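Worksheet for the structure shown next.
The values are calculated or read from the model by the stated rules, or taken from the named source; none is laboratory data. Small disclaimer: the values here were computed from a predicted structure and weren't measured. As a convention, Cβ positions derive from the backbone with ideal geometry for all residues, glycine included, and neighbour counts pool all protein chains shown.
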Number of protein chains: 2
Amino acid sequence: MTTNGLKDMLGRVSLTPVEKARTILLNALRTSARKTETCPLPNALDRILGRNLLSPENLPNHPRSTMDGFAVRAADTFGASSSMPCYLEIDGEVAMGQMPKGTVRQGKCFRIATGGLLPDGSDAVMMFEHTIPIDEKMIEVIKSVGVGINLINRGEDIAKESPALSKGHLLRPQDLGLLAGLGISEVEVYAKPKVGILSTGDEIVPWAESPPPGKIRDINSITLSGLCTRLGATVTDYGIVTDSERSFFATVEQACNENDVVLFSGGSSVGMRDLGERVIEKLGSPGILVHGVALKPGKPIIIGLSNGTAIFGLPGHPVSAMVCFELFVDPALQLIAGISHPEKSLRATVNAVLDRNINSAAGRLDLVRVQLQEHENDMPLAVPVPGKSGAISTLSRAHGYFFIDEASQGFHKDTQVKVHLLS
Amino acid sequence: MTTNGLKDMLGRVSLTPVEKARTILLNALRTSARKTETCPLPNALDRILGRNLLSPENLPNHPRSTMDGFAVRAADTFGASSSMPCYLEIDGEVAMGQMPKGTVRQGKCFRIATGGLLPDGSDAVMMFEHTIPIDEKMIEVIKSVGVGINLINRGEDIAKESPALSKGHLLRPQDLGLLAGLGISEVEVYAKPKVGILSTGDEIVPWAESPPPGKIRDINSITLSGLCTRLGATVTDYGIVTDSERSFFATVEQACNENDVVLFSGGSSVGMRDLGERVIEKLGSPGILVHGVALKPGKPIIIGLSNGTAIFGLPGHPVSAMVCFELFVDPALQLIAGISHPEKSLRATVNAVLDRNINSAAGRLDLVRVQLQEHENDMPLAVPVPGKSGAISTLSRAHGYFFIDEASQGFHKDTQVKVHLLS
């Protein structure tokens, strides 16, 4: 314990800055190739596209009206106004869902509804609102239109052979809409990342059990599992492993063979940290990438890589574990899921005004949990949630968090902070 | 058609402002009671809590160390410093996961690791880093600690009988962690909202089919379905209904009987709008709530309510349909899902700088789709995505949108805009 104590004190001066640790991690993961699979379009929501897609056809494949009115030759309406109207003869009607019959000739027009296909000869649509009916066969036109007005041209939404969506794109509802519009019924997407989760510690029992005196329920597994699930990963729970090196190594090794990412949590004690370190080194090349970061809470994280599987030794305190997840596991999982530049992901943030002075030690990144409260002006008030990093309820009460950067020793009351939402 | 034309022109002056339309809608929905169901904790991720939860126990149920070190009597360390250390005898050790044996007496201490239970007699933890070992049985203490330092007290995370989570709370990963820590194995959550979706129009074919000349593939069903799924709703697709009033009414009526929300889209033409209006009125009380809003795109939306089911007649243009979803269906679904004040939901936004001048008509709310581009300063550049509201690709290319409010006639280049993310 003496050695550990000294080591910890020495370790503190060599803590890796958060940004550097993340760069080391993502660069190490970037090299490995990702598997793809074919997915029917309706199941592709929130999956990541595995290759670039070109449009197989023009959308729309025929010019269509975007208004209710009359298909016209734009030149026929030149100069028309309410004081100087022009007159057009109604020579036909476009039936919805059918190819138009006939041609619009000079001085004539066809009735057309929104979505109707433009008949030959016409090059614009005159809105009803700008016409006055004279009789069954004649309208008065009180405004001019230019060529291409009130219609959508062939391929104007997307042209045949042009890029539709890029590799690495997250498929949102509107993206499925675009692909449906192009008749693409299945897509190549990246395989879902597989994550193995285990908890360590002789004091932990499964949360569904009633803990005997001295023990506590496992909080981290279900929290980490939920975070992974939200990122689209498939989670396997390897349960709780005791502090014995043999059983711990065996379980982590199995989890590494079966997953893209392995998370173990617990082991905030120096002894457990050393055990985690030894196990990652033993698993194989390249081994430990980062051990300890200049972060509060979350300092004792261990990040390793073994035969392509990323291994995260997360602190046992629930808040520290979740903070480490946000800053390291989340971008790693995004990268493994197929997002090309997770470090550039636009995080959902809200600007808020800090309601008190808050101190921080220079040289480390502090993450401050806050509640957001309504405020007289447009910007909400950021109210720090007090509480220790062992207290999960502080994360449950928090609406989000902001950072105090390494260079700063704290923020004054009324400072504007960027709150990352925990929604 | 003459009547319709006039009606539309008159209708324009009586368009409902967006905010007012939303208030009418949410107030009408707020009265109806919501069903709840029991859900096992691991399946409760992203569900909405159906009742207030009190903590059934103290978390933790015994004071625990938050550091590796020694359980001490704080008074024994009073005045200790590196120049004037005090000495404590190591009189025991706390084994992880077990109740401590023995009592810490004056001038003595117990070894303890993070997570270990505080033995009787001790009231603080001295970190290893502030001790120097003398021999197997004695440490030198070079810093004082106060009572309660480096430990978490009984009930400090959450106290027995205190509020844990409130009715209407979205269960995030950390909330499941809190409930797991309290041993709550199942929760009462609101039933998932049920949404029925149908598309209308003689020109629409299912997206998986090859459209014959004159027809186009259905884009809205899959987009709307994805949006509903992301909000936790269960979606039933009622397919494509022709413009015949009889079949349209029959399908909408069935969908209303089977769902909490019914969305039909298509029918941007005046004829279809009238049909939608007649069908909602015919379905029963209170009928139409809003018909047409001062919004671009999205003006022709019809909102109705019949026997507790909210009915949305969305415009046929894919962009208009999705905009109406964002502004009206989304908050309605949140309310129906159990969120008490969806109008106060903190939307994920990013501040950005507009890259050009942009015009708007006063008196209506404009929603401008944008791409976000990296920029020399901290704030990204908002680049409007040109294109008609019939062009789904504009939504697929967009990273988000901002609003130009009713009072404004546009924004100048370099205006700071709040971009709502479409992520």
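Of the residues making up the range A:153-183, those that are over 23 Å from the mean Cα position of the chain (by Cα), facing chain B (nearest Cβ under 10 Å) and part of a loop (DSSP other than H, G, I, E, B) are A:N153, A:E156, A:D157, A:A159, A:S162, A:L182, A:G183.
The residues on offer are B:K143, B:K137, B:K101, and the sole one that is closer than 18 Å to B:R64 by Cα and surrounded by fewer than 18 Cβ atoms within 10 Å (Cβ to Cβ) is B:K101. Counting only residues that are in contact with a strand residue (DSSP E or B) (Cβ under 6 Å, 6 or more places away or on another chain) and among the hydroxyl-bearing types (S, T, Y), which one in the range A:66-86 is modelled with the highest pLDDT? Across the range A:66-86, the extreme among qualifying residues is A:T77.
Taking the range B:123-142 only, how many residues are of a type in the set (A, V, I, L, M) and under 43 Å from the mean Cα position of the chain (by Cα)?
4
If you take the residues in the range A:85-107 that are away from chain B (no Cβ under 14 Å) and among the charged types (D, E, K, R), which one is farthest from the chain's Cα centre (by Cα)? Here the residue is A:E89. Within the range A:382-418, if we keep just the residues that are touching a residue at least 12 places away in the same chain (Cβ under 8 Å) and in a helix (DSSP H, G or I), the residue that is nearest to the other protein chains (Cβ to nearest Cβ) turns out to be A:L395. Before we move on, is B:R111 outside the structural domain of B:L179 (by TED's automatic domain parsing), in a loop (DSSP other than H, G, I, E, B) and modelled with pLDDT of 95 or more? Spelling it out, it is not the case that B:R111 is outside the structural domain of B:L179 (by TED's automatic domain parsing), in a loop (DSSP other than H, G, I, E, B) and modelled with pLDDT of 95 or more. The set of residues in the range B:346-379 that are touching a residue at least 12 places away in the same chain (Cβ under 8 Å), within 10 Å of chain A (Cβ to nearest Cβ), surrounded by fewer than 21 Cβ atoms within 10 Å (Cβ to Cβ) and more than 21 Å from B:A321 (Cβ to Cβ) comprises B:A348, B:T349, B:N351, B:L372.
Results for (1) among the hydrophobic types (A, V, I, L, M, F, W, C); (2) in a helix (DSSP H, G or I); (3) in contact with a Leu (Cβ under 8 Å, 6 or more places away or on another chain); (4) more than 14 Å from chain A (Cβ to nearest Cβ), shown as yes or no for each residue.
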{"position": "B:L263", "(1), (2), (3), (4)": "yes, no, yes, no"}
{"position": "B:M272", "(1), (2), (3), (4)": "yes, yes, no, no"}
{"position": "B:V279", "(1), (2), (3), (4)": "yes, yes, no, yes"}
{"position": "B:G287", "(1), (2), (3), (4)": "no, no, yes, yes"}
{"position": "B:V290", "(1), (2), (3), (4)": "yes, no, yes, yes"}
{"position": "B:P300", "(1), (2), (3), (4)": "no, no, no, no"}
{"position": "B:I311", "(1), (2), (3), (4)": "yes, no, yes, yes"}
{"position": "B:V319", "(1), (2), (3), (4)": "yes, yes, yes, no"}
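When every residue of the range B:29-37 is checked against the conditions, none turns out to be surrounded by 19 or more Cβ atoms within 10 Å (Cβ to Cβ) and either within 14 Å of chain A (Cβ to nearest Cβ) or among the β-branched types (V, I, T) (or both). A:S144 falls short on exactly one of the conditions (1) within 13 Å of chain B (Cβ to nearest Cβ); (2) touching a Phe, Trp or Tyr at 6+ places or on another chain (Cβ under 6 Å), and that condition is (1).
The set of residues in the range B:28-43 being assigned to a loop (DSSP other than H, G, I, E, B) and of a type outside the set (A, V, I, L, M) consists of B:T31, B:S32, B:R34, B:K35. Checking each residue in the range B:145-168 for being in contact with a helix residue (DSSP H, G or I) (Cβ under 7 Å, 6 or more places away or on another chain) and not hydrophobic (A, V, I, L, M, F, W, C) picks out B:G146, B:D157. Restricting attention to the range B:199-216, the residues being surrounded by 24 or more Cβ atoms within 10 Å (Cβ to Cβ), in a strand (DSSP E or B) and within 7 Å of another protein chain (Cβ to nearest Cβ) number 0.
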